[in-house]
1. In Å², what does the accessible area per residue of the chain work out to with a 1.4 Å probe?
2. Please list, in order, the residues from segment 56-71 whose amide nitrogen is less than 17 Å from a point placed 7 Å along the Cα→Cβ vector of SER97.
3. Rounded to the nearest 20 debye, what is the charge dipole size of the chain about its Cα centre when +1 sits on each Lys and Arg Cβ and -1 on each Asp and Glu Cβ?
4. From the phi of every residue in segment 78-84, what ³J(HN,Hα) in whole Hz does the Karplus formula 6.51 cos²θ - 1.76 cosθ + 1.60 yield, where θ is phi - 60° and glycine or proline is x?
5. Computing the accessible area with a 1.4 Å probe over protein heavy atoms, can you report the carbon and sulfur percentage for the chain?
6. What is the Cα coordinate range of segment 2-101 on the first, second and third principal axes, sorted by size from largest, in whole angstrom?
7. Enumerate the calculated ³J(HN,Hα) couplings along segment 43-57 in order (Karplus 6.51 cos²θ - 1.76 cosθ + 1.60, θ = phi - 60°), each rounded to whole Hz, writing x wherever the residue is Gly or Pro.
Amino acid sequence: MAQIRFIQPDGSEAVVSIDNGTSVMLAAIRNGISGIDAECGGCLDCATCHVYVEEGASGLLAPPQPEELELLGSVAAPRKSNSRLSCQLKLPLSITSLTVHIPEAQS
Ligand code: FES
């Protein structure tokens, strides 16, 4: 198990538990975290599950695959170096906590 801390654009926070191997997007949807629309359900077809991964953590995560990198070009909020699509973001066993920031807009 790991814990994901979601930080909303207004600074409010929520922490949820996640099984390693479950995507950050599913953790958000299952726990009623607002701001992650995930319109395609994780099929890499919508770019509405955009998050910003905490600085310094990106190197601990599996890097984005070419399909994710391409779709990150379609996100509604500014794309940053730490932008990820949360449906593709799964925590390895070596990580027990992760903070992600939810962008201002998903579409
Ligand atoms: S949920 Fe659609 S790309 Fe992630």
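1. Value for the chain: 52 Å² per residue.
2. 56-58, 60
3. The calculated dipole for the chain is roughly 200 debye.
4. So the J values, rounded to whole Hz, are x, 7, 10, 5, 9, 5, 9.
5. Carbon and sulfur: 48 percent of the exposed surface of the chain.
6. For segment 2-101, the Cα spread along each principal axis is 28, 27, 23 Å.
7. Computed from phi, the couplings for segment 43-57 are 8, 6, 9, 9, 6, 9, 10, 5, 9, 10, 7, 3, 4, x, 8 Hz.
The values are calculated or read from the model by the stated rules, or taken from the named source; none is laboratory data. Since the structure is predicted, the reported quantities are computational estimates derived from the model, not experimental observations. No Cβ is skipped: glycine too gets one built from the backbone with ideal geometry, and neighbour counts run over all protein chains shown. All accessible areas refer to the heavy atoms of the entire protein, side chains included, with ligands and DNA or RNA removed. Shrake-Rupley method; radii C 1.70, N 1.55, O 1.52, S 1.80 Å.
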